[in-house]
Structures are given as structure tokens and as C-alpha cells.
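Here the structure comes first, spelled out in C-alpha cells, and everything after it is commentary.
The values are calculated or read from the model by the stated rules, or taken from the named source; none is laboratory data. Just so it is clear, the model here is predicted, and its values are computed rather than measured. FYI the Cβ positions are ideal-geometry reconstructions off the backbone, even for glycines, and counts take in every protein chain you see.
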């Protein structure tokens, strides 16, 4: 079993914002994999499906970004799931819009949602897929920038990145993370 968790903030106020790129990816994967995200499970909207021969849980934590670790900890404990079979998708302001980064593990960096997950799990040993939402304008406050919606002119690049990110997720779930890193980084 695998779990793919997209980070974001719940509620209409945050729909379509840059900080919800992880939510957007999990919703795109749910469409591609025919998974319905409707159950309230593990402090998240979640749904299960199959990808190849693997069971996959897709989840959108409903705990707000900075408390994402609560939901992810509940998922890992409740399934139960080895953290190496958890994939976290989230926004990265340091990557240009449309850029992707797949990693087998690593630090949380400055991302508060990831910091919450690392603290809750006590490990950095889980795959992650970072979605580029930057760069922020030089004069912008980063906290404000990540909570702005994508502009209409950015939608094409975003949609193409989400499609490529779903392809990368397909490879990771198939046990081919090295290929995903080579093909999509």
C-alpha cells in the first residue's frame, strides 16, 4: 500500500492558491486514477484506489498547512504504513512555475507543512514531490505570495506540470523512484 498526501489549506478561501499546489496534484491524480476523495478519514479527505497492482490512498489533510503532521501521522499509524511508502506533494517557491523535484528523502527546508510532518513522524525518510510555484516577485512577502491564486496566464504551465507530476507519481508507486527523479527533475 502507498499513500499520496497533497499539502494545502482546506476551505474555499484557499482554493486555487499557490500554497495548495499539493492539493491540486492529488486531485489531478484522483481524476487520472479514478479515485473519489470523499471520506473523512485520518483528518483528511481521502479515497482509495489501485494503481497497477498497488493499493493507493490519496489524501488532502484538513488540518491546515502548518499542522499537516497530525493528519500524516494518523495515516501512517492507521493504515499502518512504512514512511518509505508515503509520498508528500507540496509547493516550492524556490522552483520556477512548472518545475518539479522528486526526492527519496530530505529535510523540510523552510516549508512549515513539511516541518510539521517531519516532527510528527520523527523521520525525513519518505519520498516527496515538490511543485514549483515561483519565483516570487522580489518585493513580495513570501507568506502573502503563496496565498495568492495562480494567474490565468500561469494556468497552462501549471496544468502541464500537474500532468507530468502524475506521471512521476505513477513511476514512484511502481517502485521506480530513480527513473522518476531522472525523468522529471
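Has segment 135-146 got at least one residue that is more than 14 Å from the chain's Cα centre (by Cα) and within 15 Å of residue 22 (Cα to Cα)?
yes
If you go through segment 36-48 one residue at a time, do you hit one that is within 22 Å of residue 162 (Cβ to Cβ), modelled with pLDDT under 95 and not in a helix (DSSP H, G or I)? Break it down into steps so the answer makes sense when it comes.
So in segment 36-48, the residues within 22 Å of residue 162 (Cβ to Cβ) come out as 36-38, 44-48.
Next, only the ones that are modelled with pLDDT under 95 stay: 38.
Cutting the leftovers down to not in a helix (DSSP H, G or I) gives us 38.
Within segment 36-48, one or more residues are within 22 Å of residue 162 (Cβ to Cβ), modelled with pLDDT under 95 and not in a helix (DSSP H, G or I).
Just to check your reading of the model, which residue among 88, 72, 93, 76 is in a strand (DSSP E or B), under 15 Å from residue 4 (Cβ atoms) and modelled with pLDDT of 95 or more?
On the way: 72 fails: in a strand (DSSP E or B); 93 fails: under 15 Å from residue 4 (Cβ atoms); 76 fails: in a strand (DSSP E or B).
Among 88, 72, 93, 76, only 88 is in a strand (DSSP E or B), under 15 Å from residue 4 (Cβ atoms) and modelled with pLDDT of 95 or more.
Pick out, from segment 121-185, the helices (runs of 4 or more DSSP H) lying fully within it that include 1 or more residues that are at pLDDT 95 or above, in contact with a helix residue (DSSP H, G or I) (Cβ under 6 Å, 6 or more places away or on another chain) and more than 26 Å from residue 73 (Cβ to Cβ). Steps first, answer last, please.
Numbers: elements: 142-146, 155-173, 177-184.
Hits in segment 121-185: 155-173, 177-184.
Could you count how many residues in segment 49-58 are assigned to a loop (DSSP other than H, G, I, E, B) and either in contact with a helix residue (DSSP H, G or I) (Cβ under 8 Å, 6 or more places away or on another chain) or crowded, with 19+ Cβ neighbours inside 10 Å (or both)?
First, the residues of segment 49-58 that are assigned to a loop (DSSP other than H, G, I, E, B): 52-53.
Applying the additional criterion that residues be either in contact with a helix residue (DSSP H, G or I) (Cβ under 8 Å, 6 or more places away or on another chain) or crowded, with 19+ Cβ neighbours inside 10 Å (or both) yields 52.
Total satisfying the criteria: 1.
Could you check segment 84-110 and list, in sequence order, the residues that are free of Cβ contacts under 8 Å to residues at least 24 places away in the same chain and farther than 18 Å from residue 170 by Cα?
106, 107, 108, 109, 110
Is it the case, given these coordinates, that residue 22 is on the phi < 0 side of the Ramachandran plot and surrounded by 21 or more Cβ atoms within 10 Å (Cβ to Cβ)?
Numbers: on the phi < 0 side of the Ramachandran plot: yes; surrounded by 21 or more Cβ atoms within 10 Å (Cβ to Cβ): yes.
Considered against the rule, which asks whether it is on the phi < 0 side of the Ramachandran plot and surrounded by 21 or more Cβ atoms within 10 Å (Cβ to Cβ), residue 22 comes out as yes.
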